[in-house]
Amino acid sequence: MGLTRPDLDALPAYVPGRSIPGAIKLASNEVPYGPLPGVVEAVTAAAEQSHRYPDMGVRALRDDLSERLGVPAERILTGCGSVGLTEHLIRAVCEPGDEVVHAWRSFEAYPIITAALGVTGVRVPNLADHGHDLPAMVAARTDRTKMIIVCNPNNPTGTAVRRPAIDQLLAAVGPDVLVVFDEAYGEFVTDEQVPDAISTYGDRPNVAVLRTFSKAWGLAGLRAGYLVAAPEVASAVSKVITPFSTNLAAQLAARAALAAEPEMLRRVASITGERERLLTEVGKLLTGVPGAGPVPSSQANFVWLPVGARSAGLSTACEAAGVIVRAFPPEGVRVTVGTPDENDAFLAALARWVDSVG
Ligand code: PMP
């Protein structure tokens, strides 16, 4: 008999993207341009106050977000990355044995968080085009289902669901199921039919939206994310939040990042431009690879290469060429969009690998 829960033995570990000194890292969906202007100064100011607890209510940042999003601050919570908030949200909504429906493949934290909380994660396979199967997610509900998570755009496939399909999902789901939109990559969406869930659905009592400062806003290392939900849901989540989980540096840096929004948008525009270039080039290169499927379009800052059983081989070949990507065997490889030079290095590595397997 061990001291800890035996069911944790079966829990998969969260696998972070690998970092190798000197290598190009396209494995963690980070933005490559460094912190936004003003962020380093904000972190320096936070460092000088390190001996003090931060504001537990995160008032100033929540007020900034409130103004920006047009949502009352009482409906906004922040946390230690949106992954921290995902856990707190599930903890506030589900009791052990309840069910959370999510797509698969999708963000690998969902099955880990649900299992750790004793909640049943119900995985609904993606469609052949790698996008969410929303009707199947609706059909997967039982009387234990408390939450449906729509990862939009989806990590790691980059696919996004559009408004008509979401409207149907919301019409089919009763008021007793919380529909959670995980919009960690929302800033990279260019398809006008893909809704911004806060402005489109945010007023519904059974909708919650998760966003992060880690990706477009460039603060992955500082850990800040936010949740927008109905006041009753936000209030329940605030009861289970780990106290002070949005640290002082994260609070000040997130405010500085918000103040640098024009630069964030400029960076996002370069990334989405490069994304389209990568999609075209990768699509051409993979046509010669036996067993590889068509490359899905992406609405995020990464592209998905459905190379199946060759996933591990492709990621090893890229790593040998000094480019770290993320394999999800046996389905595919996810490659973060980097700077033009970084993307060229990846494309060169991919072309060499294609020659070797074709
Ligand atoms: N949701 C999705 C879909 C993600 O891909 C990630 C980051 N990998 C997160 C949430 C969490 O981001 P963070 O905790 O850094 O805010």
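Points worth noting:
- FRET efficiency for the Ala348 to Arg163 pair, using the beta carbon distance and R₀ = 35 Å, is estimated at 0.35.
- Packing-based order for 73-81, 59-67, using average beta carbon neighbours within 10 Å, highest first: 73-81, 59-67
- Every Cα-Cα pair of the chain was included, and the share exceeding 33 Å stands at 29 percent.
- Value of Rg to Rh for the range 164-275 (Rh from inverse mean 1/r over Cα pairs, i.e. Kirkwood): 1.00
- Rounded to 5, percent antiparallel among DSSP beta bridges of the range 39-259: 30 percent
- Charge dipole (the chain, unit charges on Cβ, about Cα centre) - positive-most of Cys318, Leu305, Pro340: Cys318
- Label sites at Val40 and Asp355, each approximated as a point 7 angstrom past Cα along Cα to Cβ, lie 4.0 nm apart.
- If the segment from Ala60 to Ile20 were pulled out straight at 0.36 nm per residue, it would be longer than the present Cα-Cα gap by 10.7 nm.
- Other-chain or far-sequence residues with amide H under 5 Å of Val122's (modelled H): Val100, Val101, His102
- Among the DSSP helices (H) of the chain, those spanning at least 24 angstrom by Cα along their long axis with an average Kyte-Doolittle hydropathy of -1.0 or more are 261-286, 340-357; this is a geometric and hydropathy rule only.
- For Gly332, net neighbour charge (Lys/Arg +1, Asp/Glu -1) across residues whose Cβ lies under 12 Å away: +3
- Comparing Cα centroids, the range 124-149 and the range 4-70 end up 29 angstrom apart.
- Dipole of the chain [Lys/Arg +1, Asp/Glu -1 at C-beta], most positive-end residue of Pro6, Val289, Leu279: Pro6
- In straight-distance terms, cross-link reach from Lys25 covers every one of the aspartates and glutamates whose alpha-carbon lies under 15 Å from its own, apart from those fewer than eight places away in the same chain; here that gives Glu319, Asp341, Glu342, Asp344.
- Sites Asp7 and Ala140, calculated FRET efficiency, Cβ-Cβ separation with R0 30 Å, nearest 0.05: 0.85
- Cβ-based exposure ranking for Met56, Met137, in which fewest neighbours within 10 Å come first: Met56, Met137
- Given their separation in residues at 0.36 nm each and the Cα-Cα distance between them, Glu263 and Asp341 gain 26.0 nm when the chain is fully extended.
- With each label modelled as a point 7 angstrom along the Cα→C-beta vector, the Tyr53-Glu192 pair spans 4.9 nm.
Only the coordinates and a few stated rules stand behind these numbers; no lab work does. Just so you know, these numbers come straight off a predicted model, no measurement behind them. As a convention, Cβ positions derive from the backbone with ideal geometry for all residues, glycine included, and neighbour counts pool all protein chains shown.
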